[in-house]
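Bear in mind that the values in this text are calculations on the coordinates, not laboratory data. Since the structure is predicted, the reported quantities are computational estimates derived from the model, not experimental observations. Here the Cβ is made from the backbone with ideal geometry for all residues, glycine too, and neighbour counts use every protein chain on show.
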Amino acid sequence: MTDGPEQPKIDTTAAHSARVWNYLLGGEDNYAVDRETGDMILSIFPDIAHIARVQRRFLTRAVQYLAGEAGIRQFLDIGTGLPSADNTHQVAQRLAPESRIVYVDNDPLVLVHAQALLTSTSEGVTDYIEADVRDPERILEAAAATLDFNRPIALMMLGIMGQLPDEDDPASIITRLLDALPPGSYLALCDGTDTSEALNHAIGVYNVNSASSYHLRSPQRIAAFFEGLDVVEPGVVTTSQWRPGDVSVENGHHEVDAICGVGRKR
């Protein structure tokens, strides 16, 4: 990341997805407008905070699998959001200190906090690219300065596809990114589903009150993002059910309206 003469301009008059999500996770990197929108969503769909926590825990479990059992040492995390506990580089480098991680986001507030993402073990590397997921060619070109595209890479797309409307053709973006990765690479993806009328209503309220919008999709449409990949067991499942450990449903809580999966490129 290059230093610039001006600090990025942050709009504090409209809620933003990364800051609302940070609030739902119990973070402090948010503004009054984000908290108001978060509280409005919680009043309509109280489970949204639980979904946020479950999605975050999926990141930890997926990276543990990828850096551990799968032996991946390179990660491209697109739409990383605001730094939180157990970011991708922290989980990966605990298991494999030589891991190399590139974060990608275009949120000005994430840029302000990017220094927290750039910490690394001495054996590994972390980097941050300011870019939009709609520009995969720019992402790939910039990431090549840190990642070796002749070796497997884990593409992390957690909650980012829901930021894109259908007219942006999110499936083609995933295809263009995966096409640039060598065999043995992985896709880890999770997103909210349209399986709850209350959640659909809450997201509609959010979209009216936010500078950005979120687009819930059916489980079948999200599962289609893994087409052509060898999906890791237990498959594309509700997020609480992906390798939760000793319990069948995470923390004994009921299922969440979100699904996830990890797939390997042949």
### Task
Pull up all non-local amide H partners of residue 125: gap of 5 or more, or a different chain, and H-to-H distance under 5 Å with H placed in the peptide plane.
100, 101
### Message
Taking only complete DSSP H runs, can you tell me which helices of the chain stretch 15 Å or more along their own long axis by Cα positions and average at least 0.0 on the Kyte-Doolittle scale?
### Response
32-44, 48-67, 197-209
### Query
Within the chain, what percent of beta bridges assigned by DSSP are antiparallel, to the nearest 5?
35
## Note on the structure
The long-range amide H neighbours of residue 79, using H built 1.01 Å from N in the peptide plane and a cut-off of under 5 Å, are 104, 105
### Task
Collect residues whose amide H, placed 1.01 Å from N in the peptide plane, falls under 5 Å from the amide H of residue 154; neighbours closer than 5 in sequence don't count.
74, 75, 76, 186
### Task
Based on the mean of other Cβ atoms within 10 Å per residue, sort peptides 13-23, 221-231 so the most packed one is first.
13-23, 221-231
### Summary
With -39,500 (n - 2.57) per DSSP H segment of 4 or more residues and division by the full residue count of the chain, the 222 nm estimate, nearest 500 deg cm²/dmol, is -10000 deg cm²/dmol
